[in-house]
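Quick notes on the structure that follows.
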Ligand SMILES: [Ca+2]
């Protein structure tokens, strides 16, 4: 039989161990809470399966004219710079759950007063159909669920006024697991 005094000594001896275990638990909980859900994969780092456009060549992290990509007052280090009418597709094979980007006319041609419109297709189904954009505007954010999507296609249309000067940017187009 353990006397109360001996039991107290034993408990006091165990106290540092208990406190250490609690501290480890708190640290693990904090680290798990701070860990990001998943790192983004930038589409400008992937090879598209299709890349067609009405003028020029697809700009990777650049505008279609080869300049840094700017939409309104925002510079995009990662971007796809293209030109209406455009269709850029990626084989994602259902590996990702979210797509995010910001779109708009590249600042290099806004003074020409032309219009464009953005669309996103997932396995040929319309996931996003944006308004017609023209002139100076801030980036328009797109956030979509793409769970189960095998092929993601980014489309730029001419906005109804032809394709002249339709320099279109997909700002930081990225997918997440
Ligand atoms: Ca146009």
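Side notes on the structure shown:
- Relative to its residue count, region 41-176 spans a Cα convex hull of 86 Å³ per residue.
- Summary of packing: across the peptides 48-60, 133-145, 111-123, the per-residue average of other C-beta atoms within 10 Å ranks them, highest first, as 111-123, 48-60, 133-145.
- Kirkwood-Stokes translational diffusion coefficient of region 51-96, alpha-carbon pairs, 10 °C, 1.306 mPa s, µm²/s: 139
No lab work stands behind these numbers, since they all come straight from the coordinates. Just so you know, these numbers come straight off a predicted model, no measurement behind them. For neighbour counting, all protein chains shown are included, and Cβ atoms are generated from backbone atoms with ideal geometry for every residue, glycine included.
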